[in-house]
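The values are calculated or read from the model by the stated rules, or taken from the named source; none is laboratory data. Model, not experiment: these values are computed from the prediction. Every residue, glycine among them, receives a Cβ derived from its backbone with ideal geometry; neighbour counts consider all protein chains shown. What goes into the accessible areas is simple: the full protein's heavy atoms, side chains included, and nothing from ligands, DNA or RNA. Shrake-Rupley method; radii C 1.70, N 1.55, O 1.52, S 1.80 Å.
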Amino acid sequence: MLALFACQANAEIYKSINAAGEVVYTDTPTQGAEKLKMPALPTYTPPPLPASSYTPVQATEKAEFYKSFVIVSPANEETIRNNLGILNIEAQLTPALQDKLKHRVQYYLNGKPYGTPIGKTSLTISNLDRGEYTLSATVVDADGTALISTGDVVLYIKRHSVLQNPPKPTHLPAAKP
């Protein structure tokens, strides 16, 4: 496949005018076609990444505490039908949350922290507008260091729209005699 791509990158381009007087560009030479000289393709070399001050938790430290962390409800790509915009979240953490070590769960809605970290693996969010949301959670220690995270769950909130059910008129016009 790379050889095919390399061949296309070095392909020659020809310009000709057809019987209708239209300009035609092609990679196939035809009688009377002019071979075009194409400029070299631009390339980009990104600068090196700066050294990070982030120190990840060692795998052995993580292994002591948590083996898995997943959001079990709502399911990925689930549609929540609730006219009040209520979302009940249930996560499963193995082993259980280490409250004695002041570990907490930080929930994220659309990639932004939702509230402050809490000491439980369930949460209820109210009054969400209709639409698509991305949900995730992370267990953090007392210093705020991430210990384990769930994957993203995409969900859809479905609320009835006022536009779908227009209000009924409050008075009826008088009948014509």
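What to note about this one:
- Any hit, segment 15-26, residues being part of a strand (DSSP E or B), aromatic (Phe, Trp, Tyr), modelled with pLDDT under 95 and exposed (fewer than 12 other Cβ atoms within 10 Å of the Cβ): yes
- Scanning segment 98-114 for residues that are more than 23 Å from LYS67 (Cα to Cα) and polar (S, T, N, Q) gives a single hit, ASN110.
- Scanning segment 49-62 for residues that are open to solvent by less than 100 Å² (accessible area, probe 1.4 Å) and assigned to a loop (DSSP other than H, G, I, E, B), we see that the one that is modelled with the lowest pLDDT is VAL57.
Results for (1) of a type in the set (D, E, K, R); (2) without any contact (Cβ under 8 Å) to a residue 60 or more places away in the chain; (3) touching a helix residue (DSSP H, G or I) at 6+ places or on another chain (Cβ under 9 Å), shown as yes or no for each residue.
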| position | (1), (2), (3) |
| --- | --- |
| LEU97 | no, yes, no |
| LYS100 | yes, yes, no |
| VAL105 | no, yes, no |
| ASP129 | yes, yes, no |
| SER136 | no, no, no |
| ALA142 | no, yes, yes |
| ALA146 | no, no, no |
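- Residue check, PRO46 part of a loop (DSSP other than H, G, I, E, B), open to solvent by less than 100 Å² (accessible area, probe 1.4 Å), at pLDDT below 85 and not aliphatic (A, V, I, L, M): yes
- Residue match in segment 4-13 (condition: at pLDDT 90 or above and open to solvent by 80 Å² or more (accessible area, probe 1.4 Å)): no
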